[in-house]
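Read the figures in this text as sums done on the coordinates, not as results from a lab. Quick caveat, the model's predicted, so the values are computed rather than measured. With ideal geometry, Cβ positions are generated from the backbone for all residues, glycine too; neighbour counts draw on all protein chains shown.
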Amino acid sequence: MDEEGIFYIEDRKKDMILVSGFNVFPSEVEEVATLHPKIIEAAAVGVPDDVAGERVKLFVVANGAVTTDEVKQHCRKHLTGYKRPTIIEFRDELPKTNVGKILRRELRDQ
């Protein structure tokens, strides 16, 4: 809220990832990632990129041993080039709200 009492929504709109002018829905990337048998959960966020504006970063919670290359290869089979994650980070768990929604903003800020 600013000094005039006006509220601004800043978070949810930012969930959309803009790669070279193309919209990437995080949910689409996450859905594809979790089709991999060793991936339990995934969260996609946009990170700054000097050339493309943003690029896709994927946070992964795995069920067993899976490599970055395996995740990238899996995504390569199912996603158009600009939608593919270029950065993969493995986590034991993803930050969530009390109702279980992934805190993308927290992931983007890390």
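For Cα Rg over 2.2 N^0.38 Å, computed directly from the structure shown, the correct entry in (1) 2.79; (2) 1.00; (3) 1.14 is (3). Here the sum of -39500 (n - 2.57) over DSSP H runs of 4 or more residues, divided by the residues of the chain, equals -6000 deg cm²/dmol at 222 nm, to the nearest 500. With the highest mean first, a sort of the peptides 21-27, 56-62, 71-77 on other beta-carbon atoms found within 10 angstrom per residue produces 56-62, 71-77, 21-27.
Could you grab the relative contact order for the chain? Cα pairs under 8 Å, six or more apart, rounded to a whole percent. Numbers along the way, then the final one.
Numbers: 174 pairs, mean separation 26.6, N = 110.
RCO, the chain: 24 percent.
Seen from V60, the other residues with C-beta closer than 12 Å to its C-beta sum to a net charge of -2, counting Lys and Arg as +1 and Asp and Glu as -1. Simple spin-label estimate for I87 and E106 gives 1.8 nm between the two label positions (7 Å along the Cα-to-Cβ direction from each Cα).
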